[in-house]
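Here's the structure we're looking at; comments come further down.
Where a number appears in this text, it was derived from the coordinates with a stated rule and is not lab data. Treat the numbers as computed from the prediction; the structure is a model and nothing was measured. In this analysis, Cβ positions are derived from the backbone assuming ideal geometry, glycine residues included, and neighbour counts consider all displayed protein chains.
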Amino acid sequence: MSPLLIILSFVITSFGAVNDSTLVQTEAIQRAVDAAAAEGGTVVIPKGVWLSGALFFKPGTHLLLEEGAVLKGSTDVADFPDIPVHIEGVLQPYVSALINADHCDGFTISGSGTLDGNGLPYWKAFWARRKENPACTNLEVRRPRMIGISNSSDITIEGIHLRNSAFWNIHLYKCREVKVYGVDIYAPEKPVRAPSSDGIDLDACEDVHIRGCRFATCDDLIAMKGGKGPWADTDPDNGPVRNVLVEDCHFGHGPGVLVFGSECVRAENIVLRNSTVDGTDRLVWLKMRPDTPQRYSHITVKNVNGRVKYAIFVKPWTQFFDLKGRKDIPKSYASDVRIKNCKLDYSELRHIEEAPDQFELKRIVFSKIRRTSKP
């Protein structure tokens with residue numbers, strides 16, 4: 001973090017937090033946040049393991065995780081009170097995140113420390129419920145996100161490590177001018193797979209720069225969100241994702257690098273460049289929902305090298321399909337998707353399942369793709 005941003009430092013041990021990794025210390029840490037808000041300054045998490053429920057940052061505050069610091073989420077969902085969250089494509093009450101910031105222009109999270117979601121008990125509960133009800137949604141097994149930032153601009157998340165999130169890692173809703181630099185995001189595939197452990201969810205966001213990050217999760221690595229439903233494009237709680245640049249990143253395990261569509265009405269001007277993939281399933285995944293009007297355009301991937309199953313994957317996406325009484329299927333469109341100058345070890349360059357009554361594709365273009373393995 002720039003020294004200019006560190007006006008005052010508020011170390012959590014000065015507000016009653018003690019070095020005991022078994023003690024939930026939400027109140028003490030929140031006191032540090034509130035003091036920082038009153039004067040303007042940075043909340044400092046020092047070396048050690050600190051257990052906490054939801055923390056609510058305010059305008060004028062920042063978060064610094066020092067080297068060796070681990071801020072760990074509580075395993076009791078009661079420590080994460082309900083707040084309005086844009087989830088399942090709708091703004092509705094849901095559990096808060098470990099780190100929350102709403103209407104906090106200029107908010108920053110930095111340092112070389114770690115946010116740990118302590119997700120194992122939540123993952124086990126989800127898979128137990130999914131076994132009982134294969135159609136269960138994320139609303140049925142309530143789990144806190146790691147970072148939830150909303151209605152804010154000039155946001156920076158830099159240098160930190162994210163581990164074992166109970167749910168989504170970074171959820172940005174209606175944010176602008178966002179920088180995510182040098183962040184390392186990991187969720188395990190085994191012995192218990194971390195469900196819905198999205199790396200970064202860009203939910204109705206604009207002007208986002210993601211650079212030098214590492215991703216390996218059990219769900220979408222970077223997901224474009226913004227709403228779903230037959231009239232989602234007219235709902236003011238929803239919105240487009242625009243002007244996103246992802247560069248110099250490394251992508252490990254996960255179903256998709258750039259994913260559009262499970263909850264997205266519009267995305268345009270999305271660029272991925274100068275990055276590597278190592279076993280990611282899909283480079284670009286368009287989930288075309290038959291119950292949502294979607295428009296995706298000007299998606300560019302260039303200078304990406306490594307192993308991936310599919311360069312582009314397009315398929316109707318019917319999970320939790322609901323026309324809510326609408327008689328017709330809203331038509332969707334995707335155009336100007338370009339993948340170029342890539343060296344890839346792939347199983348299939350393009351996997352596209354057409355559904356002309358549901359969606360229309362135009363100008364899906366490949367150029368200078370070198371296959372590094374034999375078919």
**Fill in**
Total charge of the residues flanking GLU206 in space, meaning their Cβ is under 12 Å from its Cβ, with Lys and Arg +1 and Asp and Glu -1, is 0
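Is segment 104-177 best put as rounded, prolate or oblate by its Cα gyration tensor, with a ≥ b ≥ c the root eigenvalues, rounded for a/c under 1.5, and otherwise prolate when a/b is larger than b/c, oblate when not?
Judged from the Cα gyration tensor, segment 104-177 comes out oblate (a/c at least 1.5, b/c at or above a/b).
Give the calculated FRET efficiency between THR13 and TYR181 to the nearest 0.05, with a Förster radius of 35 Å applied to their Cβ-Cβ distance.
For THR13 and TYR181, the calculated efficiency is 0.80.
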**Fill in**
Taking the dipole of segment 146-233 about the Cα centre (Lys, Arg +1; Asp, Glu -1; charges at Cβ), the one of ALA194, TYR181, LEU162 that reaches farthest to the positive side is ALA194
**Asked** With +1 on each Lys and Arg Cβ and -1 on each Asp and Glu Cβ, how big is the dipole of segment 120-192 about its Cα centre, in debye rounded to the nearest 20?
**Response** 340 debye
**Request:** State the three equivalent ellipsoid semi-axes of segment 185-260, derived from the C-alpha gyration tensor as the square roots of 5 times its eigenvalues, in descending order and whole Å.
**Result:** 25, 17, 7
**Complete:** The FRET efficiency for SER297 and VAL49, from their Cβ-Cβ distance with R0 = 45 Å and rounded to 0.05, is 0.50
**Prompt:** Under 17 Å from the 7 Å Cα→Cβ point of GLU348, by amide nitrogen: which residues of segment 256-293?
**Reply:** 256-257, 280-288
**Message:** Using a 10 Å cut-off around each Cβ, can you sort THR75, THR318, THR280 from fewest to most neighbouring Cβ atoms?
**Reply:** THR318, THR75, THR280
**Item:** Global geometry of segment 121-252, whether rounded, prolate or oblate, following the gyration tensor of its Cα atoms and the 1.5 cut on a/c
**Value:** oblate
**Request:** For n ≥ 4 DSSP H runs only, could you compute -39500 (n - 2.57) per run for the chain, divide by its residues and tell me the 222 nm figure to the nearest 500?
**Result:** -2500 deg cm²/dmol
**Message:** Using DSSP to call loops (not H, G, I, E or B), can you name the GluC sites (Glu not before Pro) in segment 274-375 whose Cβ has at most 13 other Cβ atoms within 10 angstrom?
**Reply:** GLU353, GLU354
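Only four residue types carry charge here, +1 at the Cβ of Lys and Arg and -1 at the Cβ of Asp and Glu. Report the dipole size of segment 169-258 about the Cα centre in Debye, rounded to the nearest 20.
Approximately 180 debye in magnitude.
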**Asked** Using the count of nearby Cβ atoms within 10 Å as a rough guide to exposure, how do ILE329, ILE369, ILE157, ILE200 rank from fewest to most?
**Response** ILE369, ILE329, ILE157, ILE200
**Message:** Over segment 233-354, how many pairs of lysines fall under 30 Å by alpha carbon, counting only those 8 or more apart in sequence or from different chains?
**Reply:** 21
**Prompt:** When the chain is fully extended, how far beyond the present Cα-Cα distance does LYS324 get from ASN274, taking 0.36 nm per residue of separation?
**Reply:** 13.8 nm
**HIS209-ASN151 FRET efficiency (beta carbon distance; Förster radius 22 Å; 0.05 resolution)** = 0.70
**Difference of contour (0.36 nm per residue) and Cα-Cα distance, HIS103 to TRP231** = 43.4 nm
**Request:** Quick one: angle between helix 120-132 and the longest Cα principal axis of the chain, in degrees between 0 and 90, rounded to 10, please.
**Result:** 40 degrees
**Complete:** Expressed as a whole-number percentage, the relative contact order of the chain with C-alpha contacts under 8 angstrom and at least six residues apart is 9 percent
**Request:** Would you work out which of ALA97, PHE10, LEU272 lies farthest towards the positive end of the dipole of the chain? Charges go on Cβ: Lys and Arg +1, Asp and Glu -1.
**Result:** LEU272
**Request:** Give me the net charge of LEU23's neighbourhood, meaning all other residues with Cβ under 13 Å from the Cβ of LEU23; Lys, Arg count +1, Asp, Glu -1.
**Result:** -3
**Item:** Exposure rule at most 15 other beta-carbon atoms within 10 Å, DSSP loop trypsin sites (Lys or Arg not before Pro): the chain longest free segment
**Value:** 48-192
**Item:** Likely footprinting exposure, SER297, SER196, fewest C-beta neighbours within 10 Å first
**Value:** SER297, SER196
**Net charge of neighbours whose Cβ lies under 9 Å from the Cβ of GLU88, counting Lys and Arg as +1 and Asp and Glu as -1** = 0
**Message:** Between ALA128 and SER367, what is 0.36 nm times their sequence separation minus the Cα-Cα distance? Round to one decimal in nm.
**Reply:** 81.5 nm
**Complete:** Candidates for log10 I(q)/I(0) by the Debye sum over Cα atoms at q = 0.08, 0.10, 0.11, 0.14 Å⁻¹ are [x] -0.39, -0.61, -0.74, -1.18; [y] -0.49, -0.73, -0.85, -1.23; [z] -0.44, -0.70, -0.86, -1.37, and the calculated one carries label [x]
**Message:** What's the magnitude of the charge dipole for the chain around its Cα centre, counting Lys and Arg as +1 and Asp and Glu as -1 at the beta-carbon? Answer in Debye, nearest 20.
**Reply:** 1600 debye
**Item:** Furthest towards positive pole of dipole, LEU64, ALA78, THR234, structure part the chain, Cβ charges
**Value:** THR234
